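To start, the structure itself, in structure tokens.
The values are calculated or read from the model by the stated rules, or taken from the named source; none is laboratory data. Because the structure is predicted, anything quoted here is derived from the model rather than measured. Quick reminder, even Gly has a Cβ in these numbers, built from the backbone with ideal geometry, and neighbours come from all protein chains shown.
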Amino acid sequence: MSQTPIYTEYHPRWYRRRTSTYWWLRRPSYLAFILRELSSLFVAWFVIFTLLQIHALKQGAESYQRFVDWSKNPVVLIVNIIALFFVVFHAITWFKLAPQAMVVRLHGKRVPAAWIAGPNYAAWAVASALVAWIVLGG
Amino acid sequence: MVLVGGGAAGLRAAIAIAQSDPRLSIAVVSKVYPMRSHTVSAEGGAAAVVRPDDSFDEHAYDTISGGDWLCDQDAVEAFVHEAPEEMLRLEHWGCPWSREPDGHIAVRPFGGMKKMRTWFAADKTGFHLLHTLFQTSLKYTRVVRYDECFVTKLLVEEGRAQGVVAIELMSGQVRAITAKAVLLCTGGCGRVFPFTTNANIKNGDGMALAYRAGAPLKDMEFVQYHPTGLPFTGILITEAARAEGGWLLNKDGYRYLQDYNLGTPQPHPVLRSMELGPRDRLSQAFVKEMEKGRTIEGPYGPVVHLDIRHLGEKVIKTKLPFVRELCLKYQNIDPITEMIPVRPVVHYMMGGVHTDINGATPLPGLYAAGEAACVSINGANRLGSNSLSECLVFGARAGRAAAAFAANQPEASSAVLAQAADEQRRLERELLHKTDGRERIAVLREEMQQIMEGSAGIYRSGATLTEAARKLRQLQERFRNIALHDHSRTFNTELIAALELSYMLDVAETIVQSALRREESRGAHQRTDFPARDDQRYLAHSLAYRNADGSCRIEYLPVTITRWPPGERVYGK
Amino acid sequence: MSDTITLHVARYRPEVETEPTFQEYQTPCRKDWVVLDALNYIKDKVDGTLSYRWSCRMGICGSCGMTVNGEPKLTCATFLTDYAPGPVRVEPLRNFPIVRDLVIEMSDFMRKLVQVKPWIIRADEKPLSEGEYLQTPEELDEYKQFSMCINCMLCYAACPVYGLEPHFIGPAAIALAQRYNLDSRDQGARERMDLLSDHTGIWGCTFVGECTKACPKSVDPAAAIQRYKLKAALSWFKSFLLPRGAS
């Protein structure tokens, strides 16, 4: 903020507060907001990682094995765990948002939020289980 | 055109002018942002004939008998005819009126009305009406708003109103806004009394401005007490609570209104009967109960109980949500399970700036509408839900009439600018730069309010009014010695409070003087020394003029009677 | 419970100060007193130079929003006893320039309000003589909640996006746009969309949800914004799939 000029008659001099550097620590929702903003880097990484994975797969088994070995690198692993955390975080945000974005009426009455969020979570669980079954069991 | 005030009447007028004359530029000068105006607090509804079983004549008769035959009947007829159209127009502008299941407008019963004709938007009618008007007015780019500008003087030159002087709160700049016509829509003056439903901004500004400029104030002795205000805060519990079937009970749990010629108790609400009687009679009944020792003693004085518990949770939650919200938030009471303590509280001024049926005052170029004006359709007692409709009907009428007047006027003369400069010097010398005052604003204000409550309340007498007039003169003297500690130009609310106090002192004087001269009892004006209505002498409007020496002079003007000769007010039969 | 309470009130006098300071006042603390009653007590009895806005004292005019102990509140609906034994810190609303003491500058909102066109827009108007537009209670219910906004600015004070990006149209204005979009009488949704689906519109919001928590009238601006995102996304897909002739 630039220093406001001195008061001159009839020209009100408004004070613009400087935002504290740690304002986002003031409440959990602000922290969540900043984390979501920050998460974009990791989510972008997740996309790149997936693209690399597909690329490696296309190159053949040997190339894919190299990719898998590289993924086992602790740095890559840690980055991926963080990215997973953020993606889950986004998913939860999304499910919380869904009942507010969708208004479903049954017999003229608005369906309670839990009825919309519930199936979302259920579908998520089923999809996760399916993926886990394919990856681990299949 | 300059409009002072941005409530329902002011905004309706602004839109009417914008639609009627494309050449006029319109300034809306308001001391608050328009959506803060006191219209926002109106709860119950707005009356207009809409049902096939209803008629204009019945609405007119209810209004005239409710007003104890002091209404001008030509004005009432115009009012009831135009009200439905205004309500519909609001509907077309988006007002969220409550609906019947088939999508038609729903109406509810209301005190003093024989038929159901009160349009409502749940119990926040005024809020929705004001926001609809305000948001619609944003569409008209020719409406230029001067938000948070406080008007200190009407500019009158060559015998006509030519603009206003206003302080812009944000900068402290005093500016002249010249115009070919001025329309006052500044609302009432409930803050003259200590216990009122009125917001802090209702100080009779427009009334005092007109009075000082030489226009008379009409029927100022008629002050409406609403029978059901919450103690301490004065927050209004809407008449709708009684219209839905609420009961007023004294300390014995007895529906005491049956003792005051207001009908016999029925399990369900009956129009124009018992709890749905007119406001003046209900407030007077409270005082009588108090005298009999049958009220309940609360921490802020005597109260009675408003009981809506028997309506059940569903009705209360769907039809009276705001009533419940107010009780919970401000009184820590849940009306579903508890009775609400209430007492009469100053609510509305039937009187105001004297205007004709088109909102024109006797001062050329000066117009008034809404609560600030007295047309008069409210007579000696206003019926609930007539005032929002009045704001719309007469806001539009006054707007159109003022626009037509302005179209034929020359530009404002240069002499008014000199007047404005004088006014600026006066404000600075007498208030802003004043350092030697000793009287506190709040002390004078409180004394004034106590005088008014004590002498010009629900019941008055010649002796108390004479005493009140004397004390008010003293307060006027003491006001000259007012102390201002705030000498800043930026958002100086102390300066505004001082100016508002000076307005209120003027308005208080006109109330007391008008009440003193009216030696009869009619509607909201009840004299213990003259308990009967006297049509021989007082079937007339009082007009309070300001003399050159600052004192007040009362004259009378006959009431316009067209088709309804004065009769007895009968309720509960 | 003690019968007095200490208030730390933010003061800013632009003629003599370059930044706000705090001033301490003692006021009575009664059971039915709200923070605004304490401020009025100070103004009337202690210090007439304190400036703040207020009017209705019944939570409907929207004038008296301030920051009370860090939270945006309507001071007419905030009981002192909830903060006993004190002290209570009273500051102007955050995210707005301060004019003086507790008074903020809100013309930014007034400009944005006009931009979202908060009025009924129709291709043809029905003449008054043909009566009202029919609207069932269910249709009224669709938008009613969003019509409850009293423009008190608490949601703007609570919104970190508005704090960081002042061009963000913000919760109340978007909720009001939605109020008209969802009104069965209105046909102006398309006109409002360009502005609202801009990056300063709904997409600026990342669902912090503080606006809804701060709202004293349960308007739920966050819901208005999320609903609009869904609608905007769907309409984008439609125009993407059917570039011409999509309605």
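Within the set B:E477, B:E453, B:E446, the sole residue that is assigned to a helix (DSSP H, G or I) and within 14 Å of chain C (Cβ to nearest Cβ) turns out to be B:E446. The residues of the range B:51-61 that are at pLDDT below 95 and either touching a strand residue (DSSP E or B) at 6+ places or on another chain (Cβ under 8 Å) or in a helix (DSSP H, G or I) (or both) amount to a single one, B:R51. The residues in the range A:105-119 that are of a type in the set (A, V, I, L, M) and either in a helix (DSSP H, G or I) or at pLDDT 85 or above (or both) can be counted, and the count is 4. Across the range A:94-134, the qualifying residues are those that are surrounded by 15 or more Cβ atoms within 10 Å (Cβ to Cβ) and more than 10 Å from every other protein chain (Cβ to nearest Cβ), and the one among them that is farthest from C:K213 (Cα to Cα) is A:W124.
Just one of the listed residues (B:Q536, B:Q513) is in a helix (DSSP H, G or I), without any contact (Cβ under 8 Å) to a residue 24 or more places away in the chain and away from chain C (no Cβ under 14 Å), namely B:Q536. Selection within the range C:128-156: residues that are more than 9 Å from chain B (Cβ to nearest Cβ) and in a loop (DSSP other than H, G, I, E, B). The member of this set that is nearest to B:A106 (Cα to Cα) is C:C152. Any idea which residue in the range C:185-218 is nearest to the chain's Cα centre (by Cα), counting only those that are within 14 Å of chain A (Cβ to nearest Cβ) and of a type in the set (G, A, S)? Among those residues, the one meeting the criterion is C:A214. When restricted to residues that are at pLDDT below 95 and of a type in the set (S, T, Y), the range C:163-211 contains 3. Scanning the range B:69-79 for residues that are surrounded by fewer than 24 Cβ atoms within 10 Å (Cβ to Cβ) and part of a loop (DSSP other than H, G, I, E, B) turns up just one, B:W69. Checked against (1) more than 21 Å from B:A210 (Cβ to Cβ); (2) in contact with a strand residue (DSSP E or B) (Cβ under 6 Å, 6 or more places away or on another chain), B:T562 passes all but a single condition, namely (2).
The lone criterion from (1) more than 17 Å from the chain's Cα centre (by Cα); (2) more than 7 Å from chain B (Cβ to nearest Cβ); (3) crowded, with 22+ Cβ neighbours inside 10 Å left unmet by C:V99 is number (2).
The set of residues in the range B:304-339 being outside any helix (DSSP H, G or I) and within 14 Å of another protein chain (Cβ to nearest Cβ) consists of B:N332, B:I333. Listed here are the strands (runs of 3 or more DSSP E) enclosed by the range B:134-238 that have at least 1 residues being away from chain C (no Cβ under 14 Å): B:149-157, B:160-168, B:174-178, B:182-184, B:223-229. Comparison of B:S376, B:S389 shows that the only residue that is modelled with pLDDT under 95 and not β-branched (V, I, T) is B:S376. Among residues of the range C:14-30 being touching a Pro at 6+ places or on another chain (Cβ under 9 Å) and within 13 Å of another protein chain (Cβ to nearest Cβ), the one that is surrounded by the most Cβ atoms within 10 Å (Cβ to Cβ) is C:P14.
Among all residues of the range B:80-102, there is none that is modelled with pLDDT under 95, facing chain C (nearest Cβ under 10 Å) and buried (at least 23 other Cβ atoms within 10 Å of the Cβ).
The condition (being surrounded by 24 or more Cβ atoms within 10 Å (Cβ to Cβ) and farther than 25 Å from C:C61 by Cα) is satisfied by just one residue among B:Q173, B:Q162, B:Q135: B:Q162. Could you list, in sequence order, the residues of the range C:184-228 that are assigned to a helix (DSSP H, G or I), buried (at least 19 other Cβ atoms within 10 Å of the Cβ) and not small (G, A, S)? Scanning the range C:184-228 gives C:R192, C:M193, C:L196, C:I202, C:E210, C:C211, C:T212, C:P221, C:I225, C:Q226, C:R227, C:Y228. Within the option set B:E500, B:E555, B:E568, B:E520, being touching a strand residue (DSSP E or B) at 6+ places or on another chain (Cβ under 9 Å) and in a loop (DSSP other than H, G, I, E, B) holds for one residue only, B:E520.
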